[in-house]
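The structure under discussion appears below in the form of structure tokens.
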Amino acid sequence: MGDFKISFYGAAGEVTGSRHLLATPFGTLLLDCGLFQGHRTDADSKNRTFSFEPASVGAALLTHAHVDHCGLMPLLYRKGCAAPLYATPATAEIAAIMMADSARLQEGDARFYNKVHAAENLAIEPLYDERDAALAGTHFRQAGYGETFAPLPGVSASFLNAGHVLGSSMVRLDVRTEGGPRRILYTGDLGREETLLLETPAAPAGVDYLVIESTYGDRLHEPLADASGRLAEVILRAVREEGRVIIPSFALERTQEIVLILDKLRHEGALPEVPVYVDSPMAVSLTEIFNRHRDGLCFNHNFRDYARADGDPFGFDFIRYVRSKEESQALNGRKGPMVIISASGMCEGGRILHHLRNSIDRENTTILLVGYQAQGTLGRRLQDGQKKVRIFGIEHEVWARVETLHSFSSHADRNDLVSFIGAVKPARGVFLVHGDPEARSSLSAALAAAGVRGVKCPLLGDTFNLN
């Protein structure tokens, strides 16, 4: 039999850009193929090249539809990969939208950047276009939670609920090797125990090797119960100041969570009828998918009960979903208090950049960050308190308030991770990925204190023999 090893080509010592290659005696499996998000130059160099031949991949498995896990699939297939791409039905449906939107954003940002910098002879090119995104979509093969399938001969796989976003899954792989059968569990992004929408992930048994995220391995989340009151406070202040609240939000899950909380606040009479705009065509499409799946068992019973009683949990009388560019642009000239929810969540592309550049210099603007901000992103620079930032290459002074709500995270925190790993009891080793160095180091120490052995923190390009 041939080699049995795992190589880490993304999200190793950093967050975003998940890309892990598992070599088995029967061929290679690619676990996610995500877009690295960060400073433009750094991101470009990491995203344009692969450390393996795309055509050598025997099968690809996608855990969920966030672009840091699926966003390089179009480039993978553009460069010669012909492998089947396995995902849950909801992930396949959502990822097709996310990849197409990523292509449009890249093309639109490139046009705007090139126009602004034409006199300097500076130009950028998108990584791929919508045709490449469509090509990747033709390779999807769908499998439901718990359904067993064979991505390669000698390899049995199944998707398990990860509780992170709609359709998200852990990948369980059973591989025949010369040393005997081996079971690998790759969590992708793991949901937290306390959630607004989704069922909590359950720990499977009999795992030999565990590959697990560590995004929040060094901290605990604020209780979800705090989110509603904090959000209401920020909006009520904006009403008093006749300002605006700009929320950079991930179109998948985070936007729907915020809208759900606003819906509940409105029913409770805790908010006046301040206009709320969801300014993201992708978020509009994804919310429609959420409504179609809202009776599904991936959602927890609290949400299903509320959705049945409310009838329209993602819509209320003063919310507007914005698709057209013209309506989006018109928001910048509109007066009075308002809430604008727009992508991307780390402020690295899309319509949020236009809203920021038009309002970041106003003292009555609040930029409310509601998700993880990776190092090198504009969102992280704002979160760190920088008073001057570049948007589309042009420097802007930051006079707006910048606040962060940590309650909304859909990632497991340190206690969730330690509890999950303790329940899995991996027999041969644990690989911590998708975490900054500080987070991984803290989680590794917590696991050692809990008696977990064989914990490794792979760096970019590291390979480990699993025989």
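The values are calculated or read from the model by the stated rules, or taken from the named source; none is laboratory data. This structure is a prediction, so every number in the text was calculated from the model and none was measured. All Cβ positions, glycine included, derive from the backbone under ideal geometry; neighbour counts span all protein chains shown.
Need the failing condition index for LYS115 against (1) in contact (Cβ under 8 Å) with a residue 12 or more places away in the chain; (2) charged (D, E, K, R); (3) farther than 16 Å from LEU62 by Cα; (4) exposed (fewer than 15 other Cβ atoms within 10 Å of the Cβ), just the number.
Looking at each condition in turn, LYS115 falls short on (1).
Which one of these does THR404 not meet: (1) out of contact with any Lys or Arg (no Cβ under 7 Å at 6 or more places or on another chain); (2) hydroxyl-bearing (Ser, Thr, Tyr); (3) touching a residue at least 40 places away in the same chain (Cβ under 8 Å)?
(3)
I'd like the full set of residues that are more than 20 Å from the chain's Cα centre (by Cα), of a type in the set (A, V, I, L, M, F, W, C) and outside any strand (DSSP E or B), limited to the range 3-60.
Passing the criteria: PHE4, PHE26, PHE50, PHE52, ALA55, VAL57.
For the range 169-190, indicate whether the set of residues that are surrounded by fewer than 19 Cβ atoms within 10 Å (Cβ to Cβ) and at positive phi is non-empty.
yes
Check whether at least one residue in the range 236-254 is in the same structural domain as GLY379 (by TED's automatic domain parsing), in contact with a helix residue (DSSP H, G or I) (Cβ under 9 Å, 6 or more places away or on another chain) and surrounded by fewer than 16 Cβ atoms within 10 Å (Cβ to Cβ), and report yes or no.
Looking for residues that are in the same structural domain as GLY379 (by TED's automatic domain parsing), in contact with a helix residue (DSSP H, G or I) (Cβ under 9 Å, 6 or more places away or on another chain) and surrounded by fewer than 16 Cβ atoms within 10 Å (Cβ to Cβ), one finds none in the range 236-254, hence no.
So, of the residues in the range 215-252 that are among the charged types (D, E, K, R) and touching a strand residue (DSSP E or B) at 6+ places or on another chain (Cβ under 8 Å), which turns out to be nearest to SER407 (Cα to Cα)?
ARG219
List the number of the failed condition for GLY461; all other conditions in (1) touching a residue at least 60 places away in the same chain (Cβ under 8 Å); (2) surrounded by 15 or more Cβ atoms within 10 Å (Cβ to Cβ); (3) over 30 Å from PHE112 (Cβ atoms) hold.
(2)
Please tell me if ASN467 is farther than 30 Å from VAL175 by Cα, touching a residue at least 60 places away in the same chain (Cβ under 8 Å) and either surrounded by fewer than 19 Cβ atoms within 10 Å (Cβ to Cβ) or not aromatic (Phe, Trp, Tyr) (or both).
Against the criterion (farther than 30 Å from VAL175 by Cα, touching a residue at least 60 places away in the same chain (Cβ under 8 Å) and either surrounded by fewer than 19 Cβ atoms within 10 Å (Cβ to Cβ) or not aromatic (Phe, Trp, Tyr) (or both)), ASN467 does not qualify.
Within the range 104-139, how many residues turn out to be β-branched (Val, Ile, Thr) and modelled with pLDDT of 95 or more?
Looking only at that region, the number is 1.
Checking LEU265 against (1) touching a Pro at 6+ places or on another chain (Cβ under 9 Å); (2) surrounded by fewer than 23 Cβ atoms within 10 Å (Cβ to Cβ), only one condition comes out false. Which one?
(1)
Can you tell me which residue in the range 27-77 is surrounded by the fewest Cβ atoms within 10 Å (Cβ to Cβ), limited to those that are at pLDDT 95 or above and of a type in the set (Phe, Trp, Tyr)?
Looking at the filtered set, the residue picked out is PHE52.
Looking at this structure, is LEU353 under 26 Å from the mean Cα position of the chain (by Cα), over 28 Å from GLU194 (Cα atoms) and either in a helix (DSSP H, G or I) or not assigned by TED's automatic domain parsing to the domain that holds GLU273 (or both)?
Yes: the conditions hold for LEU353.
Looking at the range 455-466 only, could you name the residues that are of a type outside the set (A, V, I, L, M, F, W, C) and either farther than 25 Å from SER419 by Cβ or at pLDDT below 95 (or both)?
Scanning the range 455-466 gives GLY461, ASP462, THR463, ASN465.
Could you please let me know if ASP263 is farther than 26 Å from ILE352 by Cβ and not in a loop (DSSP other than H, G, I, E, B)?
no
Which ones in the range 329-339 are assigned to a strand (DSSP E or B) and either at pLDDT below 90 or within 24 Å of the chain's Cα centre (by Cα) (or both)?
The one that is assigned to a strand (DSSP E or B) and either at pLDDT below 90 or within 24 Å of the chain's Cα centre (by Cα) (or both): VAL339.
Kindly indicate whether any position in the range 187-209 is touching a Pro at 6+ places or on another chain (Cβ under 9 Å), assigned to a helix (DSSP H, G or I) and not β-branched (Val, Ile, Thr).
Within the range 187-209, none of the residues are touching a Pro at 6+ places or on another chain (Cβ under 9 Å), assigned to a helix (DSSP H, G or I) and not β-branched (Val, Ile, Thr).
Name the strands (runs of 3 or more DSSP E) wholly inside the range 370-444 in which the number of residues that are within 21 Å of the chain's Cα centre (by Cα) and buried (at least 21 other Cβ atoms within 10 Å of the Cβ) is 3 or more.
Once the strands (runs of 3 or more DSSP E) in the range 370-444 are filtered for at least 3 residues that are within 21 Å of the chain's Cα centre (by Cα) and buried (at least 21 other Cβ atoms within 10 Å of the Cβ), what remains is 429-433.
Can you name the condition, by its number, that PHE408 falls short on among (1) at pLDDT below 95; (2) out of contact with any Gly (no Cβ under 7 Å at 6 or more places or on another chain)?
Result: PHE408 fails condition (2) only.
Hey, could you check the range 276-328 for residues that are of a type in the set (Val, Ile, Thr) and either part of a strand (DSSP E or B) or without any contact (Cβ under 8 Å) to a residue 24 or more places away in the chain (or both) and say which is surrounded by the most Cβ atoms within 10 Å (Cβ to Cβ)?
Across the range 276-328, the extreme among qualifying residues is VAL278.
Kindly list the number of the only condition in (1) over 24 Å from the mean Cα position of the chain (by Cα); (2) in contact (Cβ under 8 Å) with a residue 60 or more places away in the chain that fails for GLU120.
All conditions pass for GLU120, except number (2).
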